[in-house]
Amino acid sequence: MELQRQPEQARRAPQIPERPALAESLVRVVADTYAIAFQTQSFHWNVRGPQFAALHRLFEEQYGELTSSVDELAERVRALGQLAPTSLREIMNFTTIPLDHGAPSARAMVEILLQANELVARGTRHVADLAEQAGDAVTHDMLVARTAAHEKAAWMLRATLEE
Ligand SMILES: [Fe+2]
């Protein structure tokens, strides 16, 4: 779907030619981060079973971290001269992670979030490379940090699946 970002882009000529494209890629990271934050919070609410207390707390820590990072990412999009997402529809259209899982078993929730974190980490790693190619050290650093955060979240989720 085509983004409606041209007017602002036209008013503010980017200093580096690659930056509009980079900001578009960053919008996808914002959408992924927002989507995985919601999914994690929904599982925090709906988790059931013997692991309830531990997973309820782990999911809370993880969606809290995601929620503060999405703010930083969206503000970086603005700093690059593009609009941050303006609707939940836009978030839904741009995220790459599958949503709408209902309220499955606690183990399935962990598996879903593990796969989602791995998928988002692949995206942040890719956009980190794009930022480096564009000579944008700030965006690159931010995305390296996001990749590390998603890999850490994936490790914690993976560890809870072990017998
Ligand atoms: Fe809560």
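Things worth noting here:
- In region 115-129, the residues that are crowded, with 19+ Cβ neighbours inside 10 Å and out of contact with any His (no Cβ under 8 Å at 6 or more places or on another chain): 116, 123, 127
- Restricted to helices (runs of 4 or more DSSP H) entirely inside region 37-151, those with at least 1 residues that are touching a residue at least 24 places away in the same chain (Cβ under 8 Å) and within 16 Å of the ligand (Cβ to nearest atom) are 52-79, 106-133.
- In this structure, residue 39 does not qualify as at pLDDT below 95 and out of contact with any Gly (no Cβ under 7 Å at 6 or more places or on another chain).
- Among (1) of a type in the set (D, E, K, R); (2) assigned to a helix (DSSP H, G or I); (3) within 16 Å of the ligand (Cβ to nearest atom) - the single one residue 32 does not satisfy: (3)
- Among the residues of region 70-85, none qualifies, meaning not one is over 21 Å from the mean Cα position of the chain (by Cα) and either surrounded by 13 or more Cβ atoms within 10 Å (Cβ to Cβ) or at pLDDT 95 or above (or both).
The values are calculated or read from the model by the stated rules, or taken from the named source; none is laboratory data. In this text, all values refer to a predicted model and were calculated from it rather than measured experimentally. FYI the Cβ positions are ideal-geometry reconstructions off the backbone, even for glycines, and counts take in every protein chain you see.
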